[in-house]
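Have a look at the structure below before the remarks.
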Amino acid sequence: QISASKVDNLFAITGSQIVDGRWQDETIMEQLNNSDAIILGSPTYMGSISAQFKAFVDATSTVYFSRQWQDKLAAGFTVSGSPSGDKMNALMTMFVLAAQQGMIWVGLGETPGNENGINRLGGYIGAMGQAGQESVDIAPNREDKLTGEALGRRVAEITNLFHRK
């Protein structure tokens, strides 16, 4: 059973993992292959995912042919400096990756305008946040962090339902 308050593995996609233009980290890929759910995340840069995340996306072609991510649950989140920043395009890129891999996408499941501020930016297919170059103590703000937590809980709950025998 997956706990919404427990993150088993958190992986950073870094420039040092990109060798000759290709993302490479067999340990991370093996752990992702063995997981029940994968929550994808990338900053939105220039209207799309970051270059480092795109290198990771391209590297998933190795699991595409073996269908190792088939029927895993997937979700996504992104952060950019403006309220829009074309975050939807970044989330759609993650959604398309999940669809190509045969994964089952989990949306946010929260309407905007909640009293607690969850989903203040009005995303439905994933969590959106706003931050510039501030420290993580300042941005994303409390509401955007709550939105990310809500997505994590939803993925955990659906994963538990999906894998109930």
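The values are calculated or read from the model by the stated rules, or taken from the named source; none is laboratory data. Note that this is a predicted model, so its numbers are computed, not measured. A quick note on method: Cβ atoms are made from the backbone with ideal geometry, for glycine too, and the neighbour counts reach across all protein chains shown. We work out accessible area using only protein heavy atoms, side chains counted, and drop any ligands, DNA or RNA first. Shrake-Rupley method; radii C 1.70, N 1.55, O 1.52, S 1.80 Å.
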Self-check item: Residue of N114, N33, N89 that the Gaussian network model of the chain assigns the largest fluctuation, springs spanning Cα pairs under 10 Å
Solution: N114
Quiz item: Using every alpha carbon pair in the chain, what percent of pairs falls into each 10 Å bin from 0 up to the bin containing the largest distance?
Solution: 11, 38, 38, 12, 1
Quiz item: With the other protein chains left in place, how much accessible area per residue, in square angstrom, belongs to the range 63-165 at a 1.4 angstrom probe?
Solution: 53
Quiz item: Given a 1.4 Å probe and every protein chain left where it sits, what share in percent of the accessible area of the chain is carbon and sulfur?
Solution: 52
Exercise. For the chain, calculate the relative contact order in percent as a whole number, restricting contacts to Cα pairs under 8 Å that are 6 or more residues apart.
Key: 23
Self-check item: Protection proxy ranking, peptides 73-79, 14-20, 51-57, 36-42, average beta carbon neighbours within 10 Å, highest first
Solution: 73-79, 36-42, 51-57, 14-20
Quiz prompt | Spin-label pair I104/K145, simplified geometry with 7 Å Cα→Cβ offset, distance in nm | solution = 3.2
Practice problem: Only bridges with both residues in the chain count here: give the DSSP antiparallel percent, nearest 5. | Solution: 25
Quiz item: Can you list residues whose amide H is under 5 Å from I38's amide H, if they're 5+ apart or on another chain and H is modeled 1.01 Å from N?
Solution: L73, A74, A75
